[in-house]
Amino acid sequence: MNILNLVVIIPLLTVMGIVMAKNMKAVRWVSATGMFLQLLTAVFLMFSYLAIRKSGVTDEMVMMSDHLWFKTLNIHYTIGVDGISVAMILLTGIVVFAGIFASWEVEYLQKEFFISLILLATGVFGFFISIDLFTMFLYYEIAVIPMYLLIGIWGSGPKEYSAMKLTLMLMGGSALLIVAMFGIYYTTVLPDGSHSFNLLQLAQGAMSSPAQRFFFPFAFLGFGVLGALFPFHTWSPDGHASAPTAVSMLHAGVLMKLGGYGIFRVAMYLMPQAAHEQAWIFIILTSTSVIYGAFGAIWQKDLKYINAYSSVSHCGLVIFGLLMMNQTAMDGAILQMISHGLMTALFFALIGMIYSRTHTRMIHEMGGLMKVVPFLGVVYMIAGFASLGLPGLSGFVAEMTIFIGAFQHGDLFYRIATIMAISAIVVTAVYILRVVGILLLGPIKNEHYLHLKDATWYERISTLTLLIAVAGIGFFPNWLYQVVYDSLDPIVLKLSTVL
Amino acid sequence: MNTFSYTFLIPILPLLMFLFIGLTGHKFKPIVSGVIGTVSLGIVTLLSYATAIQYFWGVGKIDEVFQTIIPYNYTWLQFWGNFKISMGILLDPISVMMLVVVSTVSFMVHIYSIGYMKGDGGFSRFFSFLSLFSFSMLGLVLATNIFQMYIFWELVGVSSFLLIGYYYEKPSAVAASKKAFIVTRFADFGFLIGILILSFYTGTFDFGVLTNPETTPVASMTGITFMGVSVVSWAMILIFAGGAGKSAMFPLHIWLPDAMEGPTPVSALIHAATMVVAGVYLVARMFVVYHFYAPGVQELIGYVGGFTSLFAAIIAITQFDIKRVLAFSTLSQIGYMMLALGVSGYGAEHGVGYMASMFHLFTHAMFKALLFLGAGSVIHAVHSNYMYDMGGLRKYMPITHITFLIATLTIAGVPFLSGFFSKDEILVAAFEHNKLLFAIEFLVAGITAFYMFRLYFNVFWGEDKHYHHTPHESPLVMTIPLMILAFGAIFAGYLPFAHMISPDKTPMHLHLHWNIAIPSVLIGLAGIALAWVLYKKKNPIPDKLASAFGTFYTTVYHKFYIDEIYLFVTHKILFNMVSRPVAWFDRHIVDGTMNGVAFIVTTSSNKIKGLQSGQLQQYAAVFIAGALGLVLLGIYFLQ
């Protein structure tokens, strides 16, 4: 059997295990074991991918398998991976694993919570192994639906409002995507004259320029909504603020990455000409959103809002890097997806842990937490440094790669947009240090906080897993860069042939 | 190559110590962290000295030219082809000299801190941060390419942030650390863009390639201009902006005085001797490019240095916090170094400015670290930073007093101490190149002597103040570093710098210029004499003078209100006029539109939902009316 199937089967088996579990303890341990196995599988997958490449296989996708699903429309269940999807699977594996430990103390309906959480993860894993557009879309929807329940039931604050807003906006994105999907299906003519949903086959086919121009915005915006593209990002602050910890982690850490992933894998890869023609509009949008998000974050008072705006800024940089359409900048964008995924999951985990102690997320109500919860404080500070791009942590590598790649454009317009985006490193430092200064440093504001307990063992597992990954990429970025770089070859080639 | 194979230990040992102390420090007694941190830095110092001896008096020189030796260079991130970021070790005269400076001062500060920080709750944390800083600074100094330098540049920035904010429960320390980080980050923004421009045109980050005067690819950039200025100049001015931020040149100097919130040993190490001269080191590293391809920028560097040195010296006269006086003095002295680079030529004896800058960097590290550590010893004894809480301390603290006096004499340029030699070379270089800058520096030499002796007399002479307990001399662990550094401050001037450092790496033959040395000594002595009259014994003249100058005095005392201008720009403009509207816009306009769409959908569906009433009669009526309407329309159009 294709080992890729495992990444979907293990979560499903875990879900079944949870259904059968008798008590809370069993539910936790089944989830933790399942996701630990999943993480191991993801690591194993990375090593086997490297081994396959090393043995000289130069196929665009490896470990492929294909099953006909619905003949009339030529829909297949096709799976396969390249370096980018393997890296994303690894990221997802890490974040889900950390997420399970971050939700160790869910208060009610534990069983249902873990089932929804792992179903969501299944959708994400499935998305990353799909090659067929239809399969991809299906998995995407699998990931979005549990999100509604998770926020609506286990959330906090105006949870129904936030859940509804998030789901409706993402569904709006899906609606655009389905238009784009069928548009691509019907207007791309394969060499043998048939139609297909298979990405690799579609890339071989010809899509007329007017069709590209018409459908590109649908695909781009459809995925862009998910990737928090300004001005379609407003689901993110509300959604995150209401979502329970693990859901925020998974959502910002992984689900938002589906947006960026879809943009280069589907929109840009299949419609390269339109991508070139329309890039400037989106470059303006994204370079604005990089700064806009950062300035927005300065003024927020709620930890989750700060992080949500920070995500708008960082994810803006992802799409910005992709739009530069050269291999280095796109590589940087993918590194940024991974880096931001790890970093922001870490932030949300920490925010959840702090909230469970202080019962507030308002930074001005807290202060001096470093003294009372030093472990959480130090990790929060390191996460902050990663976010503001300190060398030795993943954020720096990703940002610098994007900037260096983007700067290779001789065109002045691209240069100025790049410089605008770079200026965000200053603004990011301002809001990160502001939060760190108010939240962790200074005198303790509330005497009750003196009795707070530092991180428990499961909280340590959750945060350290993410932290090690962040530092690992920061220290040794080259292997990941090269894995992604090689896999970008076909996409960059396709993009450059239309010039 | 293999002769320097041990050099990898120089940056690695402090890194390992940082990780070790940082991760396990809380498990031991605090003193253990201090001792192992200090011992490992001691080893680093020995290795640095070995490197220096082997380099300068051994294998470094071939055919009378100092070689650039790269014992290690690993690819850290390979972008494409040959375009990559490496991590390595580069040995040439200035990097080896910096190794000696950084490791010596860091070692002294480690020893001193065992006494100074004794009993502090964060003792282990302090030593792990010191190790982190030493690692970053050594990595910066040894960088083989400009991007490696940028990486370590950021790391020293964060170590500085952590150490300034060491007393993190104190709001002023938190604010100061934040300010330092953000101001330097702003400068690094320029630095990064400068690197990007430079690397885009040259296709490399490598110092070896960029600064080779014969083959530098920068030559290919000439002729390309942007807004009327050549791109080389743009790149180099932006890179200098990074250096100006870290070296606290006007107008990016505002973070340094506040950085004195950190523990005093930190001020000595980071904010006097090592990190703040990184900007000077950067300009020296890229000197070939500045001199040959961006001479205008080099000129600018000279003026920025000259202005900063005068500006800071004037402010130093009016300050009462002894650490702040020293901080402004540091600004002023770094201004000297920048100026020297700005007026330097290239080749043979024209390179005197370059040499003098590095020379002064070296001697300044010794005497300024000594001044700070001495100040720390004083603060330790009287528990105040303000000179009006001090007086007559010479009786209680003899070692501190003598070493402090040596350092004060050195910075004042008294003959045959190290500061005299290095300052003289700078004045010679300035005199040959630019008379205005020479005049400024000449004046600053006098002001320096004056404000330093004002400090000295106020602290060690005059009458006793009401101390909480009788001040006593610091323990040996603190005074031994003082004595060692005093030794350095006296004798560092006798090192044959001209034979070791020059822009073209060939030894120079220089001699003392008495025609410049004598007047500069005289103006220094005049400054000392004036301070003697005003401050040796308590008298009302200084206060009278202060009130006589009125507004001018207040302006200077408030550091020309530069901080207030920055506060206005950041808080009033950026926070209130950008950030706040952005947050509002996002919530009310962008999100408002989304909610508006949702509102329209729900309202309109509410309005028309009455149509779905479930009453057959109503449906039939609508059906018939509709059918009739269609028929009528059909007839109308088909006619």
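The values are calculated or read from the model by the stated rules, or taken from the named source; none is laboratory data. Small disclaimer: the values here were computed from a predicted structure and weren't measured. For neighbour counting, all protein chains shown are included, and Cβ atoms are generated from backbone atoms with ideal geometry for every residue, glycine included.
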*Test for A:VAL27: is it within 21 Å of A:SER462 (Cα to Cα), assigned to a helix (DSSP H, G or I) and touching a Lys or Arg at 6+ places or on another chain (Cβ under 7 Å)*: yes
_Which numbered condition B:GLY223 fails, given (1) touching a Ser or Thr at 6+ places or on another chain (Cβ under 6 Å); (2) at positive phi; (3) not charged (D, E, K, R)_ = (1)
_Yes or no: segment B:561-568 includes at least one residue that is farther than 30 Å from A:SER310 by Cα, touching a Pro at 6+ places or on another chain (Cβ under 7 Å) and assigned to a helix (DSSP H, G or I)._
yes
*helices (runs of 4 or more DSSP H) lying entirely in segment A:151-250 (those with 3 or more residues that are within 20 Å of the chain's Cα centre (by Cα) and buried (at least 21 other Cβ atoms within 10 Å of the Cβ))*: A:159-187, A:209-226, A:235-242, A:245-250
*List pairs: first in segment A:472-490 and more than 30 Å from A:ALA203 (Cα to Cα), second aromatic (Phe, Trp, Tyr) and in a helix (DSSP H, G or I), Cβ under 7 Å, 6+ apart or cross-chain?*
A:GLY474/A:PHE396
_Residue check for B:PHE637: more than 14 Å from chain A (Cβ to nearest Cβ), surrounded by fewer than 12 Cβ atoms within 10 Å (Cβ to Cβ) and of a type in the set (Phe, Trp, Tyr)_ = yes
*asked:* Tell me whether segment B:563-574 contains one or more residues that are aromatic (Phe, Trp, Tyr) and farther than 30 Å from B:VAL183 by Cα.
replied: no
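Take the residues in segment A:311-326 that are aliphatic (A, V, I, L, M) and more than 10 Å from chain B (Cβ to nearest Cβ), then tell me which one is nearest to the chain's Cα centre (by Cα).
Going residue by residue through segment A:311-326, those that are aliphatic (A, V, I, L, M) are A:312, A:317-319, A:322-325.
Of the ones still in play, those that are also more than 10 Å from chain B (Cβ to nearest Cβ) are A:317-319, A:322-325.
Details: A:LEU317: 13, A:VAL318: 10, A:ILE319: 12, A:LEU322: 14, A:LEU323: 17, A:MET324: 20, A:MET325: 20 Å.
By that ranking, first place goes to A:VAL318.
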*Yes/no for A:PHE348 being over 18 Å from A:TRP457 (Cα atoms), crowded, with 24+ Cβ neighbours inside 10 Å and among the aromatic types (Phe, Trp, Tyr)*: no
*What number goes with the only condition from (1) more than 8 Å from every other protein chain (Cβ to nearest Cβ); (2) part of a helix (DSSP H, G or I) that A:LYS453 does not pass?*
(2)
*Keeping to segment B:489-525, report how many residues are out of contact with any strand residue (DSSP E or B) (no Cβ under 8 Å at 6 or more places or on another chain), more than 23 Å from B:LYS435 (Cα to Cα) and among the hydroxyl-bearing types (Ser, Thr, Tyr).*
1
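Consider B:PHE250 carefully, then state whether it is at pLDDT below 90 and of a type in the set (A, V, I, L, M, F, W, C). Steps first, answer last, please.
Values: at pLDDT below 90: yes; of a type in the set (A, V, I, L, M, F, W, C): yes.
Judged against the criteria, B:PHE250 is a match.
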*Test B:LYS537 against the stated conditions and say whether it is away from chain A (no Cβ under 12 Å) and either modelled with pLDDT under 80 or surrounded by 15 or more Cβ atoms within 10 Å (Cβ to Cβ) (or both).*
yes
*If you go through segment B:140-153 one residue at a time, do you hit one that is without any contact (Cβ under 8 Å) to a residue 40 or more places away in the chain, within 14 Å of another protein chain (Cβ to nearest Cβ) and not small (Gly, Ala, Ser)?*
yes
*Of (1) at pLDDT 90 or above; (2) more than 16 Å from B:PRO11 (Cβ to Cβ), B:GLN78 satisfies all except one. Which?*
(1)
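Could you please find all residues in segment A:336-389 being small (Gly, Ala, Ser), assigned to a helix (DSSP H, G or I), within 14 Å of another protein chain (Cβ to nearest Cβ) and closer than 15 Å to A:LYS453 by Cα?
Taking segment A:336-389 as the starting set, the residues that turn out to be small (Gly, Ala, Ser) are A:339, A:341, A:345, A:349, A:352, A:356, A:367-368, A:377, A:383-384, A:386-387, A:389.
Then keep just the ones that are assigned to a helix (DSSP H, G or I); that gives A:339, A:341, A:345, A:349, A:352, A:356, A:377, A:383-384, A:386-387.
Restricting the remaining residues to those that are within 14 Å of another protein chain (Cβ to nearest Cβ) gives A:339, A:377, A:383-384, A:386-387.
Of everything in segment A:336-389, just one residue is small (Gly, Ala, Ser), assigned to a helix (DSSP H, G or I), within 14 Å of another protein chain (Cβ to nearest Cβ) and closer than 15 Å to A:LYS453 by Cα, namely A:GLY377.
With respect to A:VAL95, is the statement that it is β-branched (Val, Ile, Thr), outside any helix (DSSP H, G or I) and within 18 Å of A:GLY352 (Cβ to Cβ) true?
Numbers: β-branched (Val, Ile, Thr): yes; outside any helix (DSSP H, G or I): no; within 18 Å of A:GLY352 (Cβ to Cβ): yes.
For A:VAL95, the condition - β-branched (Val, Ile, Thr), outside any helix (DSSP H, G or I) and within 18 Å of A:GLY352 (Cβ to Cβ) - is not met.
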_Only one of B:THR593, B:THR602 that is at pLDDT 75 or above, within 14 Å of another protein chain (Cβ to nearest Cβ) and loosely packed, with under 11 Cβ neighbours inside 10 Å_ = B:THR602
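I'd like the full set of residues that are closer than 15 Å to A:ALA469 by Cβ, facing another protein chain (nearest Cβ under 9 Å) and either crowded, with 23+ Cβ neighbours inside 10 Å or of a type in the set (A, V, I, L, M, F, W, C) (or both), limited to segment A:390-401.
Keep residues of segment A:390-401 that are closer than 15 Å to A:ALA469 by Cβ, which gives A:392-398.
Then keep just the ones that are facing another protein chain (nearest Cβ under 9 Å); that gives A:392, A:396-397.
Across segment A:390-401, the qualifying residues are A:PHE396, A:VAL397.
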_Tally, over segment B:556-582, of residues that are in contact (Cβ under 8 Å) with a residue 40 or more places away in the chain and within 14 Å of chain A (Cβ to nearest Cβ)_ = 1
_Please verify whether A:MET268 is over 27 Å from B:ALA583 (Cα atoms) and within 14 Å of another protein chain (Cβ to nearest Cβ), treating the condition exactly as stated._
no
*asked:* Of all residues being farther than 24 Å from A:ILE416 by Cβ and within 13 Å of chain B (Cβ to nearest Cβ) in segment A:279-310, which is surrounded by the fewest Cβ atoms within 10 Å (Cβ to Cβ)? Just the residue, please.
replied: A:LYS301
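Quick one: which of B:PHE491, B:PHE457, B:PHE487 is at pLDDT 80 or above and either touching an Asp or Glu at 6+ places or on another chain (Cβ under 9 Å) or more than 16 Å from B:PRO415 (Cα to Cα) (or both)?
The match here is B:PHE457.
Going residue by residue through segment A:441-463, is there one that turns out to be among the charged types (D, E, K, R) and within 29 Å of A:MET61 (Cβ to Cβ)?
Of the residues in segment A:441-463, the ones among the charged types (D, E, K, R) are A:445, A:447, A:453-454, A:459-460.
Checking which are within 29 Å of A:MET61 (Cβ to Cβ) leaves us with none.
No, segment A:441-463 contains no residue that is among the charged types (D, E, K, R) and within 29 Å of A:MET61 (Cβ to Cβ).
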*Would a scan of segment A:8-18 turn up a residue that is farther than 29 Å from A:PHE113 by Cα, touching a helix residue (DSSP H, G or I) at 6+ places or on another chain (Cβ under 9 Å) and surrounded by fewer than 20 Cβ atoms within 10 Å (Cβ to Cβ)?*
no
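Could you please find all residues in segment A:418-437 being within 7 Å of chain B (Cβ to nearest Cβ) and farther than 11 Å from B:ILE193 by Cα?
Within segment A:418-437, the first condition is being within 7 Å of chain B (Cβ to nearest Cβ), and the residues that meet it are A:419, A:422-423, A:425-426, A:429-430, A:433, A:437.
Selection gives A:ILE425, A:VAL426, A:ALA429, A:VAL430, A:LEU433, A:GLY437.
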*When both residues are 6+ apart or on different chains and their Cβ atoms are under 6 Å apart, which pairs have a first residue that lies in segment A:104-124 and is over 13 Å from A:ILE153 (Cα atoms), and a second that is small (Gly, Ala, Ser)?*
A:LEU120/A:ALA143; A:GLY123/A:ALA143; A:VAL124/A:ALA143
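Can you report the number of residues in segment B:194-212 which are of a type outside the set (A, V, I, L, M, F, W, C) and under 18 Å from B:GLY296 (Cα atoms)?
Within segment B:194-212, the subset of a type outside the set (A, V, I, L, M, F, W, C) is B:194, B:199, B:201-204, B:206, B:208, B:211-212.
Restricting the remaining residues to those that are under 18 Å from B:GLY296 (Cα atoms) gives B:194, B:211.
Residues that pass the stated criteria total 2.
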